[in-house]
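Here the structure comes first, spelled out in structure tokens, and everything after it is commentary.
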Amino acid sequence: MSTGASTDPSTSGTRQAADPRRIEITRCQLCGSAESTLEFEEPPYKVLRCADCQLVFVTPRWSDEALHDVYNEDYWRSDSPKTKGYADYASESELYLKTFRRRTRLVRQYLPAKARILDVGCAAGFFLRVMREHGHDVRGVELSQAIAQEAIRDLGEDRVWVGTLDSVPEDREGYAKGSFDLVTMWDVIEHVADPQEILRQARAMLKPGGHLLIETQNVDSRFARMLGPKWHHFKHEEHIYHFNPKTVREVLDQAGFTVEKLTSSFGGKYVSFAFIAERAARLNGLASLALKPLTLFRRSSVYLNFHDEMVVVAKPKPGSPTD
């Protein structure tokens, strides 16, 4: 089903929406095609699938400046976490630490004994705290001032840059280009307007022989297809792209990377019973009511993996600046 987007190749990929802070997306960011099909609609948002490359994207989306403003304090302590942000991100630190400790089984396969690690979109720094436990030299970059303070309190101001990756000063100690063994982006590329550009910036930070590790959701996973529009990763203000194995390989290829490993095995998370009850509200009001007693056990947790997230390890292509 056509979305009515212009097929004139002379037009740009965006146009102004009724709200001046929003942009209507008329072309696929990955391949440039103006042909798409409608997956579903939740006004004012449409979720579209590129007819050529299969990238799924949201229109309208916030302008770049307004998109940054999404990640304020209300995002990390959201009144409606099923549609935006987290109920109380910082308060679930033990669950995030437990999740990342489990993921070290994968991460350590790509690290020397004493590695330099940069986490882009580090939030409260939970991944970096776990890597520090293993003796690694860690740095983080976090756009959101609200949550970055949690990372700074634990890791130190010198180890967390508040801002975007491309705004890190060239002379900032510990952040030199070409100096990291591993750059990670956990749940980041679906949030940014230009995923290729931030991936290229990450590539420039890597040592020769270094690796990139990203996590993002798989919109074509069995679980996502089963839930359809009720899939919990359809959060239109923040998740503006939805990748599958094909499109995530393509975006990495365009950024100068070759995929070494793509797996859903490490995409699970430890979650509280309160989280399960809260997310059930997206599926069905009766299910939410039935599971509400779980909130009494909010200190209890369980590991869940619906295999709807991809963890991808990549390395720069031969001949790239970091090779």
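Please go through the range 148-186 and pick out each residue that is acidic (Asp, Glu), in a loop (DSSP other than H, G, I, E, B) and touching a helix residue (DSSP H, G or I) at 6+ places or on another chain (Cβ under 9 Å). Don't jump to the end; show me each part of the working.
Of the range 148-186, the ones acidic (Asp, Glu) are 150, 154, 157-158, 166, 170-171, 173, 181.
Filter once more, keeping what is in a loop (DSSP other than H, G, I, E, B): 170-171, 173.
173 - this is the single residue of the range 148-186 that is acidic (Asp, Glu), in a loop (DSSP other than H, G, I, E, B) and touching a helix residue (DSSP H, G or I) at 6+ places or on another chain (Cβ under 9 Å).
Residue by residue, here is whether (1) crowded, with 17+ Cβ neighbours inside 10 Å; (2) out of contact with any strand residue (DSSP E or B) (no Cβ under 9 Å at 6 or more places or on another chain); (3) more than 22 Å from residue 70 (Cα to Cα); (4) not polar (S, T, N, Q) holds:
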| site | (1), (2), (3), (4) |
| --- | --- |
| 202 | yes, no, yes, yes |
| 206 | yes, no, yes, yes |
| 211 | yes, no, yes, yes |
| 222 | no, yes, yes, yes |
| 231 | yes, no, no, yes |
| 234 | yes, no, no, yes |
| 244 | yes, no, yes, no |
| 252 | yes, no, yes, yes |
| 267 | yes, no, yes, yes |
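Hey, could you check the range 66-93 for residues that are touching a residue at least 12 places away in the same chain (Cβ under 8 Å), closer than 25 Å to residue 151 by Cβ and of a type in the set (D, E, K, R) and say which is surrounded by the most Cβ atoms within 10 Å (Cβ to Cβ)?
In the first step, residues of the range 66-93 are kept if they are touching a residue at least 12 places away in the same chain (Cβ under 8 Å); the result is 66-68, 70-73, 75-77, 81-85, 87-90, 92-93.
Applying the additional criterion that residues be closer than 25 Å to residue 151 by Cβ yields 66-68, 70-73, 75-77, 81, 84-85, 87-90, 92-93.
Narrowing the set further to residues that are of a type in the set (D, E, K, R) leaves 73, 77, 84, 88, 92.
Details: 73: 12, 77: 17, 84: 16, 88: 12, 92: 23.
Ranking the candidates gives 92 first.
Read-outs throughout are calculated quantities, based only on the coordinates presented, and are distinct from any laboratory measurement. Note that this is a predicted model, so its numbers are computed, not measured. Here the Cβ is made from the backbone with ideal geometry for all residues, glycine too, and neighbour counts use every protein chain on show.
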